[in-house]
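The values are calculated or read from the model by the stated rules, or taken from the named source; none is laboratory data. Note that this is a predicted model, so its numbers are computed, not measured. Please note: Cβ atoms are built from the backbone with ideal geometry, for glycine as well, and neighbour counts cover all protein chains shown. Areas reflect the complete protein model, heavy atoms only, side chains present, ligands, DNA and RNA absent. Shrake-Rupley method; radii C 1.70, N 1.55, O 1.52, S 1.80 Å.
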Amino acid sequence: MPCERLPMRYGHAEGHTEVCFDDSGKFIVTCGSDGDVRIWESLDDDDPKSISVGEKAYSLALKNGKLVTAGSNNTVQIHTFPDGEPDGILTRFTTNATHVTFNSTGSRIAAGSSDFMVKVVEVSDSSQQKTLRGHDASVLSVSFDPKDDFLASASCDGSVVVWKIEEQTQVTSWPLLQKSNDVSTAKSLCRLAWQPKTAKFLAIPVETKVHLYERDSWDHVSTLFDDLITQLINVVAWSPCGQFLAAGSIGGLLTVWDVESKLCVERQKHEKGYTVCSLAWHPSGSQIVYTDTEGCLGMLDGLSTSSTISSKTTKAPVAKEAKAYDDLFDEEDDRVMDEGQSDANSPVKNPAVGDDDDDDDLMPATGRIRNRGTFLDDDNSRDTGSLKLGLDRYGEENDDIGSAVVPSVTPAVPLHPAYGPMPTPPQKAFQPGSTPAHLTHRFMMWNSVGVVRGYNDEQDNAIDVEFHDSAIHHAMHLTNSLGHTMADLSQEAVLLASTSTEELASKLQCLHFSSWDTNKDWIVDLPKGEDVQALCLGQGWVAAATSSLLLRLFSVGGLQRELFSLPGPVVCMAGHGEQLLIVYHRATGFDGEQALGVQLLHFGRRRRQVIHEPLPLSRKSHLSWLGFSAEGTPCYVDSEGVVRMLNRSLGNTWTPVSNTKEKCKSKSDHYWVVGVHENPQQLRCIPCKGSRYPPTLPRPAVNILPFKLPLCQTSTEKGQLEENYWRSVLFQDHYNFLSGSGYEIDKEGQNQSHKEQQELLMKMFALSCKLDREFRCMELAELMTQNVVPLAIRYASHSRRIALAQKLSEIALEKAKQVQEEERSEEQEEEPECYDTRHSGRCNSRHIEEEGGEELEEEEQEMETGESAANGKRLNPYAKGDGSLEKQLPKQVGREGRVNPFKIQGSVKSSASPGQPRVTNILDNMMSIKKPLPFSGSAGKNNKNPVLKPLVHRPKTKTQSTLLQMTAPMAANKKAQENVEAAMDRLKQPEVPPISPREDNTENNTAMSMPKTGFQSWLAENRKIIVAECPDLEETSIIKEALGRFRTLSAEERLTWMERAKGECGDAADVKKRKREEEGTVDTENRQTDSDESNGKKKKSLDVSAKLSSFAFKKN
C-alpha cells in the first residue's frame, strides 16, 4: 500500500487539534485550542471558512450536515454544516467535555467529560438523554458500536468500559491504561474505535500495541504491534471498509495494519516528530488526514486496497501453490525461515488469501497461522488484563493440526477458552496523606502535626515543612537535592526517603528537630537494589518498608534496631505512639477486588502483635488513607469513601463509622481525609471539587464531617437512639485501651460518655415501654449499670407495668451480686500483689514498716525499682498514672444500690478515696458511725472472714420485698451475728494497730511509727518537705520519691542516718517501757470501758435488726 506523505500546513494555534472528513469527503474539518472550527476544501486551501465556537474547542464530530463541538464553556453545541449557523446546545456538564462522537446513523451523539460522566443525547430531541456513571476519573474518549447497542469509553482511572446503552449498565471493564489525574496529564488520549459495518472488533490502544476485543464475548483475541513503535499509541481509526487500522503515536509515527493478514502495510513518520492527536479516513479509503499537538494539519495520500481485491480473484490457485510449496519443508524449517526476516521480506509472512468483510472462517493456504511475530492469539489476556503479551504458548500445538481449517482471527469456538475471574492489578504503595508523586507541586504529607509540601519545577526543587502548632517548631524550607519523594512528620522529627537511581542508592533521611544536641539529622543508604516504599514515625522510632519485603526499624536518633520480613508487598504504613500499622498485599485480588492484609504491632514494654488478619474493603475498591485517630485508634478509608475504625471491645474487628460519599454534592467530588478525632467526634477532610486530590495553592480549607454508623432505619427515633448509643460506646473504647496501657485518661470525659450512654438507654427504654415492647425493655436493662436499673424500675412502676418491674428487680439483684463478686475477686488479686515489691510499688510502704530490720542493700534495691519506674514514666508519650487506682475508680463509681448491710466497710479501698461518691443505705451509715480509725491492710483482711453473705431468696411479703429493694438482704442467722459482734469487739480494742500506708498521711501517725532504719528516720524528718513540693502524690508515690532522694545521698550521710536511727530506737524503747509501767492501770480501765461501750453500741444495731426481723415475722 504505497502512499505519499504531503507537507504539513498550519491549521490552528498550538495545542490539542482534531480533524474529520464530511460524509462526501469533499471537506476537511478541524478544530483547535484557539476556539475555531475551520472548513478546508483541500490541504492547499489558503482561505478556509472559520466558525468560532468558544475560547477553546476540545473535540468535534460531523454527520448528516450536523456539526457538533465540545467547547470550554462546558457545553456540547450543534451547528449546521457547511453554513456554520448555531443550532442550539445539546447538553451541559459541570466541567468541559473531552470527546464527542456520532453513532453510525447520526441520530444521537455520545460525549465524555472531565466530571467522570458519559452522556448519550438524541440529536433531534436533546431532552432525551442517558447518563452513564461509573468512571472514577475524567473520560478520555467514547465510541459507538456500529449496531448502536453498546458504547465504549476510556477514562483516566485506567479502565476501558463497555456500556449497554439502553440499560445504562456496564457490560465489561478492562484495567488497561495508565492512571492519571486529568486529560491534560494523561499519557495517551486512548481514542477507541469500533470496526465499521460488522462491528466485530473493538480496537483499544494500549501502550505501544493495539488490542482487539471481540464483540459479545469481549475476549481479547489479538494484538497488533510494530517493532518501530517505541512510544505510546495515542489514537486509532478504522478504514471505511473495516479491513485496515491506522494508528498515530506520541512520537509522530503513523502505522497502518491489514487486520486480516496482521501485517503492517504502511509506516510514515511525522516530519518533525510531533505527537499525532487525531486521525480520519477519507470515505473512499484513499486518504488519511491527521493533526498534531502544534496545531498543524497533514495528509497521507495514495492509499489503495487494490492488492486485497486482486488477491480475492486468485484465492484458490495461490492456496494450491502455497500448499505444494509447504510440502517441501517440515515445521522446523518453516520456523527457521521465519526467524531473522522482516515483515516485508519474509515470504512466509506475505498474505496468501484474502476474504470479504463478513467471511470470518478463511484460513491461510498452509493450514497454519502465519506471522506469529506480529499477530498474537493470547488466551491469558482475559485473565491478566494489562499484562504484557509474549509469543503464543499454543503455537506449537497449532502446527500439529496440519491442513485442518483454523480460523485466522476469531475462531467460531475458541481453541483454548479461559474461564474464571480476572485478576486485579495490585495497588501500588503510597504514603497516606500525600498526593501523587508525578505532580510538580504536591503534598508529601498532611497529618495532625503539620503539612509537608514538595516543589519540583524549573525554578525550584525544595520541601516546605509547616506545623499546625508553631510551638512545636518553626516552619522549615529544605532543599531537595536528594530527590525525596516520600515524607512523614511527627512532633519529634521529619522523615524523608528517596528511591534509587543507577548511580545512587535509596536513602532514608531523618531531621530530628527535637534533639538537644547540635547534630539533628542523619542519613542511611539502603543496600543496592532495595528501595523504600513506605515509611512512618512513632514515639522514639522510625519504620521503613522496602522493596525487599523487609521492615527496618530505627531509633529516632539513627540507631538501627530490629528488622523483620513482611508477609507481602507493602501498600502503606502508619505510626502513633507505640503502635505500628502495616497494610500489605496478602494475595492476588480478582474481579476488581484488592486482597490486602493488616498487621498491628505494639512496641511497649511487652512487644506484641495485636492484629494479623485480612483488611476488609468495599466492593471493587482500594485503600486511599490509613492512620490513627488522635487518641490512638487505627482507622482507614477506601476509595468508596467508607471510613472504618478498629473496635477493640468486639475482638479487634473493623466497624464502618462514616461514608464521605454521602456528603459529596456531585459524583465527581471527593473528600480527602487528613485526620480523625474521637473526642470530640470529628472527621477532618478537605473537599475536592471534581478531583480526588486538593491543590497546594491556595491552601485548602479543612471541613469537619460527622460520624454515622450505617445502622438500619436511622430516620426513625428508635434508629437514631440506637446509632447514637453504639457510636458512643465505640468512641469511648479508647479510654479502656489507654487505661489498660497505663496512661492517664480524662476521667471527666469518660464519666460524661458513660452518662450519655445511660441517658440514651433510658430514652430507648421509655420508647420501648410506649410501644409495649417489654422484652426489649429487659434487653435494654441488661445494658444499664447497677445504679440506672432502679430508674428503669421506677419508670416501669409509674407506667403500671408490674410484671416488667418485677423482672427488672431480678436484674438489679443479679447486678448487685456481680458487683460483690468483682469486689471479692479484686481483693483476692490485690493480696498477692502486695508481696511483690519488684514489679509493683503499691505495698512498698507496708514492707518498709513491717520489715524493720532490713539492710541498706535491700533499700538500694527498692530505690532502683523506684528509679526505673520513674524513668519509664518519662519515656511514655502520655503521663502515666497508678494503674491500680485507675482500675479501681470505675468499680467504685458503680458500687451502689443493694449491698450487704452487715458488711464491714473498713478496707483499704474505702479509706483510699474518702471523697468518692457512693450511694449507701441507712444500715451502712449506722455501721460506719461506730467505726474506729482506719486500720491496717492486714487487719482489714482478717476482718473480712466473718462478713455475712447474702441470704438465699425465699418467698417474702410485699413490705419485706420493698425493704430488700432499698437496703439489700438484711436477715442473718444467729452464728453470723455472733461473728459480727466478735469483729466489732476487735475493732474497739485499744491496742495500737500496725501502721498502714494509708495512716502515714498524718503527723501523729508518723510520730507513733518507730523508725528502725536510716531511710525511715530520714523520711520522718523530710516527709513534710516532699508533701509540700508534691501535694498530689499518693502514699505509694511519696515512698518512691523519698527512696529516690535518699538514694542520692552520699554513703557517709546515709551511714549517719542509720546510726541516728539506732539511737532513736533505743531512746524510744526506754520511754515506751517507762510509760507502760506508769500507765498500766489506766490502760486496763480504759480497755474495760471501751469494751462496755462497744457492747452497748452493738446491741443498738442488733435491736434495729431485730425490729426489722420481728416486723417481717409478724407480717408472715
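Things worth noting here:
- Net dipole in debye of the stretch 142-251 [+1 Lys, Arg Cβ; -1 Asp, Glu Cβ; about Cα centre; nearest 20]: 200 debye
- Between residue 605 and residue 1052, the FRET efficiency estimated from the beta carbon spacing at R0 = 35 angstrom works out to 0.45.
- Pairwise FRET efficiency - residue 713 versus residue 197, Cβ, R0 = 60 Å, nearest 0.05: 0.65
- When the surface is traced with a 1.4 Å probe over the full set of protein chains, residue 455 keeps roughly 40 Å² accessible.
- For the stretch 90-200, a crude dipole built from +1 on the beta carbon of Lys and Arg and -1 on the beta carbon of Asp and Glu, taken about the Cα centre, is about 260 debye to the nearest 20.
- For residue 468, the accessible surface of its heavy atoms amounts to roughly 90 Å² (probe 1.4 Å, protein chains only, rounded to the nearest 10).
- The stretch 223-256 versus the stretch 69-91: alpha-carbon centroid distance in Å: 30 Å
- Cα-based shape type of the stretch 543-698, given that a ≥ b ≥ c are square roots of the gyration tensor eigenvalues and the cut on a/c is 1.5: prolate
- Summing +1 for each Lys or Arg and -1 for each Asp or Glu among the other residues whose beta-carbon sits under 13 angstrom from that of residue 553 gives +1.
- Extension gain from residue 440 to residue 42, taking 0.36 nm per residue of separation minus the Cα-Cα distance: 139.1 nm
- Average accessible surface area per residue within the stretch 728-816, 1.4 Å rolling probe, Å²: 51 Å²
- Cα centroid separation, the stretch 127-155 to the stretch 733-772 (Å): 51 Å
- Chain lengthening between residue 504 and residue 4 when straightened (0.36 nm per residue, less Cα-Cα): 175.2 nm
- Among the protein heavy atoms of the stretch 596-739, carbon and sulfur supply 50% of the accessible surface, probe 1.4 Å, non-protein parts ignored.
- Distance (nanometres) between label positions extended 7 Å along Cα→Cβ at residue 802 and residue 1059: 8.6 nm
- Annotation: extensible slack from residue 1033 through residue 826 equals 72.2 nm (criterion: 0.36 nm per residue apart, minus Cα-Cα distance).
- Note on residue 458/residue 89: beta-carbon distance plugged into 1/(1 + (r/R0)^6) with R0 of 51 Å gives a FRET efficiency of 0.80.
- Cα shape, the stretch 54-163, gyration tensor, a/c 1.5 rule: oblate
- Checking every one of the trypsin sites (Lys or Arg not before Pro) in the stretch 511-588 against DSSP loop status and a limit of 11 other Cβ atoms within 10 Å picks out 528.
- Sequence-distant residues sharing a close amide H with residue 628 (under 5 Å, placed H): 635
- Accessible-area order (highest first, 1.4 angstrom probe) of the listed residues 105, 1036, 291: 105, 1036, 291
- A 1.4 Å probe over all protein chains sorts 222, 104 by accessible area into 104, 222, starting with the largest.
- Heavy-atom accessible surface of the stretch 572-680, averaged per residue, reaches 38 Å², computed with a 1.4 Å probe.
- Prolate/oblate/rounded label for the stretch 576-615 (Cα gyration tensor, a/c 1.5): prolate
- A probe of 1.4 angstrom, applied to the heavy atoms of all protein chains, finds residue 293 with accessible area near 50 square angstrom.
- Calculated over the stretch 230-278: convex hull of Cα atoms, volume per residue (Å³): 69 Å³
- Put a plus charge on the Cβ of each Lys and Arg, a minus charge on the Cβ of each Asp and Glu, and nothing anywhere else: the dipole of the stretch 629-727 about its Cα centre is then about 360 debye.
- When every Cα-Cα distance of the stretch 147-244 is counted in 10 angstrom steps from zero, the calculated P(r) takes the values 15, 48, 32, 5, 0 percent.
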